[in-house]
Amino acid sequence: MNRILAIGGTGTVGRQVVSQLVELGAPVRVLARNPKSVSFPAEVELVPGDLTLPESLDAGLRNIDAVFLVWVAPPSAVIPALERIKQKARRIVFLSAPLKTPHPLFQQPNLARNLGLQIEALIESSGVPYTFLRPGMFAPNSKLWWGKQIREGNLVRWPYLSVPTAPIDERDIAAVAVRALTENGHDRAEYVLTGPQSLTHFEQISTIGAAIGHSLQIEELSPEEARRELLPAFPRPVVNMLVDAWAAASGQPAFISSTFQQLTGRSPYTFLEWATANAQAFRA
Ligand SMILES: NC(=O)c1ccc[n+]([C@@H]2O[C@H](COP(=O)([O-])OP(=O)(O)OC[C@H]3O[C@@H](n4cnc5c(N)ncnc54)[C@H](OP(=O)(O)O)[C@@H]3O)[C@@H](O)[C@H]2O)c1
């Protein structure tokens, strides 16, 4: 069985990847900046490391076959870290985004997109076998976007209520990552992954209400109000990225991919199933 290093294994998708690898009995090591502040089952080896300190990656990369890579570190750290990773990894599974999918939601220029393209180009030219995971909107974004408003009251104020996306459950992204990390046949694959349904923001918020048994009041914010009100909670580039993407996707159905079903033989979780599994995050 491949020995796997999860970089980003303490994050939203990475935790699911690690948990599913443990269920499979695969040897897994997690790189963490602060290993003492995280807890994993005893089978998981935790090693300290930081993508911005390339020499700190060596211990985690020792005797590793495959690397699961999530990148949220600064762009300046990309080249030295990838240099280190490509010397040791025999396979890289990179959590990217639908950068090549011709849907306006995914095609707006922004810094995260440029960074993703840069990392992909470095991996492609490294000669190391790779798989790119290209999930669309994560269902767990809802916790960040609406969690506080729903926990604190019944009113959710949000822009672009009629814009649909196809939110994907982190467990499903992880299920594909685990296949790419542990099975053969995924070299150079680029898997565009979405949830099964096109749901407007209004429908997504209502679905969370149904999952927690609350009827929520939903009020539309103008794009200008949204930029103003979201800024304290989210960094400016993130707010700009989201508002630009939603504006561009207005009036278009969400892009839905069948790749998950083809790879796993089952349907991805619905948003209601995600919201039900995560109901606690929305309860006061
Ligand atoms: N949200 C979406 O809708 C969406 C859609 C498509 C693609 N994506 C992509 O998904 C990725 C985010 O995935 P996620 O939500 O699972 O991430 P996340 O929950 O934000 O977790 C980030 C992970 O990166 C680790 N990390 C941060 N800085 C690090 C550093 N300097 N060195 C080593 N590790 C570091 C964190 O570890 P510690 O803090 O524990 O060290 C954590 O495990 C991004 O690249 C994003 O572009 C997101």
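Do any residues in segment 5-34 that are modelled with pLDDT of 95 or more have Cβ atoms under 6 Å from those of residues that are more than 10 Å from the ligand (Cβ to nearest atom) and charged (D, E, K, R), where the two are at least six apart or on different chains, and which pairs are they? Pairs found: 5/29; 16/171; 22/43; 27/3; 29/45. Of all residues in segment 33-67, those being within 9 Å of the ligand (Cβ to nearest atom) and either of a type in the set (Val, Ile, Thr) or under 27 Å from residue 134 (Cα atoms) (or both) number 8. Given the criteria surrounded by fewer than 17 Cβ atoms within 10 Å (Cβ to Cβ) and either of a type in the set (S, T, N, Q) or part of a loop (DSSP other than H, G, I, E, B) (or both), does residue 36 qualify? Considered against the rule, which asks whether it is surrounded by fewer than 17 Cβ atoms within 10 Å (Cβ to Cβ) and either of a type in the set (S, T, N, Q) or part of a loop (DSSP other than H, G, I, E, B) (or both), residue 36 comes out as no.
Please tell me if residue 179 is assigned to a helix (DSSP H, G or I) and farther than 21 Å from residue 236 by Cα.
Working: assigned to a helix (DSSP H, G or I): yes; farther than 21 Å from residue 236 by Cα: yes.
Answer is yes for this residue.
Only residues that are more than 16 Å from the ligand (Cβ to nearest atom), more than 26 Å from residue 228 (Cβ to Cβ) and assigned to a loop (DSSP other than H, G, I, E, B) were counted across segment 124-171, and they come to 5. Can you tell me which residues in segment 47-105 are in contact with a Phe, Trp or Tyr (Cβ under 6 Å, 6 or more places away or on another chain) and hydrophobic (A, V, I, L, M, F, W, C)? Matches in segment 47-105: 69, 92, 93, 94.
Considering only residues of segment 68-86 that are within 18 Å of residue 12 (Cα to Cα) and either surrounded by fewer than 16 Cβ atoms within 10 Å (Cβ to Cβ) or near the ligand (Cβ under 8 Å from one of its atoms) (or both), which is farthest from the chain's Cα centre (by Cα)? If you could, list the steps in order and put the result at the bottom.
Kept after step one, since they are within 18 Å of residue 12 (Cα to Cα), are these residues of segment 68-86: 68-73.
Still in the list and also either surrounded by fewer than 16 Cβ atoms within 10 Å (Cβ to Cβ) or near the ligand (Cβ under 8 Å from one of its atoms) (or both): 70-73.
Values: 70: 8, 71: 10, 72: 10, 73: 14 Å.
Result: 73.
Restricting attention to segment 104-118, the residues being of a type outside the set (S, T, N, Q) and away from the ligand (no atom under 13 Å from the Cβ) number 2.
The values are calculated or read from the model by the stated rules, or taken from the named source; none is laboratory data. Bear in mind that the values here come from a model prediction, so they are computed numbers and not experimental data. We place every Cβ from the backbone using ideal geometry, glycine too, and count neighbours over all the protein chains shown.
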